[in-house]
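As structure tokens, the structure follows; a few thoughts come after it.
The values are calculated or read from the model by the stated rules, or taken from the named source; none is laboratory data. Predicted model only: the values in this text are computed from it and were never measured. All Cβ positions, glycine included, derive from the backbone under ideal geometry; neighbour counts span all protein chains shown.
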Amino acid sequence: MSAVEEAIAQANRDRAGALIGYLPVGFPTVAESIEAAVALAENGVDVIELGLPYSDPVMDGPAIQKATQLALSNGFRLQDGFDAVAEITSRVSTPVVLMSYWNPIMQYGVDRFADELKAAGGAGIITPDLVSDEATEWIAASERTGLDRIFLAAPSSSDERLVRAVEASTGFVYAVSTMGITGARSDVDIAAKTLVARLREAGSTSACVGLGISTAEQVREVLTYADGAIVGSVFVSALSSGGVDAVAKTAASLSTGTLA
Amino acid sequence: MLKDELGPYFGEFGGRFVPESLIAALDELDAAYNEAKNDPEFAAELAELHASYTGRPSIITEIPRFAEHAGGARIILKREDLNHTGSHKINNVLGQALLARRLGKTRLIAETGAGQHGVATATAAALFGMSCVVYMGEVDTERQALNVARMRLLGAEVIPVTAGSRTLKDAINEGLRDWVANVDDSHYLMGTVAGPHPFPVMVRDFHRVIGDEAREQVVKLTGALPDAVVACVGGGSNAMGIFHAFLDDADVALYGYEAAGEGHLTERHAATLTRGRPGVLHGARSYMLQDAEGQTIESHSISAGLDYPGVGPEHSWLKDIGRANYEPITDAEAMEALRLLSRTEGIIPAIESAHALAGAIKLGKELGPDSVILVNLSGRGDKDMETAAEYFDLIDSAEKAAAADKKASDKKAADEQNAPGEKA
């Protein structure tokens, strides 16, 4: 069992389930993004998801786009991502996965990227625009390095594709709660519950729900059926308006939703 | 046969690099397209629309006065500028709108650069009674203001995109985001031969009519196939449309002209195939402009329709196998060709198409007076009047106009003083 899968399983044994927290590297600066990620880990987040800024983030809503665009204009480099992973994992034991669009990984070289991430202490990669059908090279690299490969599953996915997503993924399957992009929503789609039930049918033992989750109440609700709740935009907004302290408070507040 | 390539891959290019949320919609579209392709009723319906609405077949026009400046080669234009809405874009739009209707979709999403594809999509939406939203980079809404007004008049909602470089690339991102969220009732009507499968092959097929018609027309006019077929390439839809019929004619050279902006060796250009390298952008693997870390580089061109850092995967393949040649044309060369065609032939081309004309001038000098060059005149220049007027300083400046007004009113006052009784 990988470190990520184990962290999620542990959270499900001790509490209602896992809280996975997203922040982009380099927003508002690399140093502050590292402090903010550490604050997530120290305030009840079970798995850290670090986003690598990218010029054309088609899965991201306005809050995350704005943050990653700023990181890019401040001169973000992929090396900053590896450095951030190394520093965070040296300070906290919480596993860290990257979230990256495919082109930067492809240009860096899939094997080289995997090796660097592994060496930095990273645990895996979420690939929002890489479906398992196109992932032969990445699957081989993750087998070789032991990094988790986390693919997405959507309410629109056919049963056959859900089976494929479950079989191809390690660590967890990222269940897209609604037909949309990242961003806080007042109601998490009922589609999420159905999707997780279908993922269970497809054999998943580690399914986490993301997109649109912003309150402890929503975390609690999601964890009644899923193994983990993934939260992003609300942390980015907190960091943007109130700095690292606000991220710490938000994480502490959201993590109360994981208590049974 | 090169003509038989059906995707999802052209060599190593193409594929589907999109969020999982879109895969079902792409599968649905692919299935619907394959079914429609083999359905004579669909073909008949589209042909009837082209005959009675688009104005197909479009004519060809030989341009001898222009050709004098191109080494004396025979140059023949395929007149896609004469189509309804003013460019080749309508060919693909009507095809996809018919498909969307078959799929029961009631809303069309489109991206647009120059506005030609947005206008064509807004037109189809009006014709079919669908709602329509067009994403357009904020920069482009400014330089193509007339097309924004056209789209709004046709009933479409035009949303200026303020993210990233605020041009076509970012409009596509926004269109894809909209589609991810509204895939149940909406069809994303991609305007070029880029994007995830099946768009590159489907959009090409809807534009094949350009080359199919032109091949026959040129043979009828000259008794033989042309020596070269040329087109401008941004995403590459008009080029694929005219190239396709000639792919397996080994003696016909194919030339795609990219926008080199201020020069392909400067940092301000859109010469994707000349200066880019393979990567993944907007759902497909293809050549693209990117930095060492895979971040997309912003492109630059005076032509909004060619101002795109990516290109369709089939073009990348045709380049790599050596079947087509791709060369850069600067803003200055294109604008010169635009003025030349206007003055020698009385045809004002779109700035996009002027890149193909500038290429034809160079190519004609290379191939010589016995050669025949077929040029896809993909669009007309009405939409570019503001850019052209500014570029060539064609409109009197405010100061000049005010001075002229003053002169006229002074003269009028003087006349009235000299002949005070005239009014009575």
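For the stretch A:107-124, a tally of residues being outside any helix (DSSP H, G or I) and more than 14 Å from every other protein chain (Cβ to nearest Cβ) returns 4.
Let me confirm something: among B:359, B:346, which residue is surrounded by fewer than 16 Cβ atoms within 10 Å (Cβ to Cβ) and modelled with pLDDT of 95 or more?
Numbers: B:359 fails: surrounded by fewer than 16 Cβ atoms within 10 Å (Cβ to Cβ).
Answer to the selection: B:346.
On inspection, residue A:64 does not qualify as more than 16 Å from the chain's Cα centre (by Cα), buried (at least 23 other Cβ atoms within 10 Å of the Cβ) and within 22 Å of residue B:298 (Cα to Cα).
Summed over the stretch A:78-91, the residues that are surrounded by fewer than 17 Cβ atoms within 10 Å (Cβ to Cβ), without any contact (Cβ under 8 Å) to a residue 40 or more places away in the chain and not hydroxyl-bearing (Ser, Thr, Tyr) give a count of 1. Note on the stretch A:126-155: among residues that are in a helix (DSSP H, G or I) and polar (S, T, N, Q), the one that is surrounded by the fewest Cβ atoms within 10 Å (Cβ to Cβ) is A:136.
In this structure, is residue B:211 more than 30 Å from residue A:72 (Cβ to Cβ), away from every other protein chain (no Cβ under 14 Å) and over 16 Å from the mean Cα position of the chain (by Cα)?
Details: more than 30 Å from residue A:72 (Cβ to Cβ): yes; away from every other protein chain (no Cβ under 14 Å): yes; over 16 Å from the mean Cα position of the chain (by Cα): no.
Against the criterion (more than 30 Å from residue A:72 (Cβ to Cβ), away from every other protein chain (no Cβ under 14 Å) and over 16 Å from the mean Cα position of the chain (by Cα)), residue B:211 does not qualify.
The residues of the stretch B:363-382 that are buried (at least 18 other Cβ atoms within 10 Å of the Cβ) and in contact with a helix residue (DSSP H, G or I) (Cβ under 8 Å, 6 or more places away or on another chain), listed by number, are B:364, B:371, B:372, B:373, B:374, B:375, B:376, B:377, B:378, B:379, B:380, B:381. Pairing each residue of the stretch B:111-135 that is of a type in the set (D, E, K, R) with any residue that is crowded, with 24+ Cβ neighbours inside 10 Å, provided the two are 6+ apart or on different chains, yields C-beta distances under 7 Å for B:111/B:135; B:111/B:168; B:111/B:171; B:111/B:172; B:111/B:175; B:111/B:191. The number of residues in the stretch A:216-254 that are among the hydroxyl-bearing types (Ser, Thr, Tyr) and buried (at least 23 other Cβ atoms within 10 Å of the Cβ) comes to 2.
Considering only residues that are in contact with a Leu (Cβ under 9 Å, 6 or more places away or on another chain) and charged (D, E, K, R), look in the stretch B:19-55 and name the one that is surrounded by the fewest Cβ atoms within 10 Å (Cβ to Cβ). Here the residue is B:28.
For every residue, the table says whether it meets (1) away from every other protein chain (no Cβ under 14 Å); (2) in a strand (DSSP E or B); (3) of a type in the set (Asp, Glu).
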residue: B:6; (1), (2), (3): yes, no, no
residue: B:18; (1), (2), (3): no, no, no
residue: B:21; (1), (2), (3): no, no, no
residue: B:26; (1), (2), (3): no, no, no
residue: B:41; (1), (2), (3): yes, no, yes
residue: B:45; (1), (2), (3): yes, no, yes
residue: B:49; (1), (2), (3): yes, no, no
residue: B:56; (1), (2), (3): yes, no, no
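Residues in the stretch A:156-177 that are within 8 Å of chain B (Cβ to nearest Cβ) and assigned to a loop (DSSP other than H, G, I, E, B): A:156, A:157, A:158.
Would you confirm whether or not the stretch A:71-86 contains a residue that is assigned to a loop (DSSP other than H, G, I, E, B), more than 12 Å from chain B (Cβ to nearest Cβ) and either hydroxyl-bearing (Ser, Thr, Tyr) or within 18 Å of the chain's Cα centre (by Cα) (or both)?
If we filter the stretch A:71-86 for residues that are assigned to a loop (DSSP other than H, G, I, E, B), which is where we start, we get A:74-77.
Then keep just the ones that are more than 12 Å from chain B (Cβ to nearest Cβ); that gives A:74.
Checking which are either hydroxyl-bearing (Ser, Thr, Tyr) or within 18 Å of the chain's Cα centre (by Cα) (or both) leaves us with none.
No, every residue in the stretch A:71-86 fails to be assigned to a loop (DSSP other than H, G, I, E, B), more than 12 Å from chain B (Cβ to nearest Cβ) and either hydroxyl-bearing (Ser, Thr, Tyr) or within 18 Å of the chain's Cα centre (by Cα) (or both).
For the stretch B:316-337, name all the residues that are within 29 Å of residue B:249 (Cβ to Cβ) and in a helix (DSSP H, G or I). Once the filter is applied, which keeps residues that are within 29 Å of residue B:249 (Cβ to Cβ) and in a helix (DSSP H, G or I), the stretch B:316-337 yields B:316, B:317, B:318, B:319, B:320, B:333, B:334, B:337. Counting residues in the stretch B:219-232 that are among the β-branched types (Val, Ile, Thr), within 14 Å of the chain's Cα centre (by Cα) and assigned to a helix (DSSP H, G or I) gives zero. Are any of the residues in the stretch A:29-36 acidic (Asp, Glu) and either assigned to a helix (DSSP H, G or I) or touching a Ser or Thr at 6+ places or on another chain (Cβ under 8 Å) (or both)? Yes, because at least one residue in the stretch A:29-36 is acidic (Asp, Glu) and either assigned to a helix (DSSP H, G or I) or touching a Ser or Thr at 6+ places or on another chain (Cβ under 8 Å) (or both).
Do you know which of the residues in the stretch B:150-205 that are farther than 20 Å from residue A:157 by Cα and among the basic types (Lys, Arg) is nearest to the other protein chains (Cβ to nearest Cβ)? Applying the filter and picking the extreme gives B:169. If the condition is being surrounded by fewer than 24 Cβ atoms within 10 Å (Cβ to Cβ) and facing chain A (nearest Cβ under 8 Å), then the stretch B:275-289 contributes only B:279.
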